[in-house]
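Derivation of every value follows stated rules applied to the coordinates shown; laboratory data play no part. What you see is a predicted model; the values in this text were computed from it and never measured. Backbone-built Cβ (ideal geometry, glycine too); neighbour counts: all protein chains shown.
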Amino acid sequence: MQLSAPVEVDLEDPTAEMGRWHNRNIDVPAAQENPLKIQTEEAKDHFIQRDGVEFAGTHLLLDLYGASHLDSIERIEQAMRDIVSACGATLLHIHLHHFTPSGGVSGVAVLAESHISVHTWPERDYAAFDVFMCGDAQPENSVPVLKRAFYPRKIEVCEELRGRMPK
């Protein structure tokens, strides 16, 4: 699994002079308050704690090479449903679009835990899947599902821990 390190961007008064925060005297103090930090039992943010790191969720970028059935909207939809089940996620909606003449498919499965997206290039036997999940979901379980559904010769996986909280 390939890991890439996030690049931190230094922001000086990031929104104080722009957009709806143009009035510094009123808006900057309000923007600095974070009412979402106060959590109750009913309203958890589902951040994850693993190996001493607190983060929003795991984002897998999966590249499938030498894959089959990438023009089958039905197979892609079923694979998304199988990923949701295997990962312990909650499906809210699937939207897929079939392109002509290539037969490629692009789409998204919207989850309570985030999303799964796909873009396929059947003429190149290549597909790009993103699986981003927070909470107790296990996005790593998507890999065997994709192997069974599309028979790729090679899968490359890049894992990003999104929303890392400073210690």
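The convex hull defined by the C-alpha atoms of the stretch 48-162 has an orientation-averaged projected area of 6.4 nm². Residues whose amide H falls under 5 Å from that of Thr90, counting only those 5 or more places apart or on a different chain, are Ala112, Glu113, with hydrogens built in the peptide plane. Between amide H atoms placed 1.01 Å from N, distances below 5 Å from Glu54 occur with Met165, all of them 5 or more places distant or on a separate chain.
Using 0.36 nm per residue, how much length does the chain from Leu61 to Glu123 gain when fully extended, once their Cα-Cα distance is taken away?
20.3 nm
Taking 7 Å steps out from each Cα toward its Cβ at Tyr151 and Glu74 produces label points 1.7 nm apart.
Please report the spacing between the Cα centers of the stretch 134-166 and the stretch 53-99 in Å, no decimals. Each part reduced to its Cα centre gives a spacing of 9 Å.
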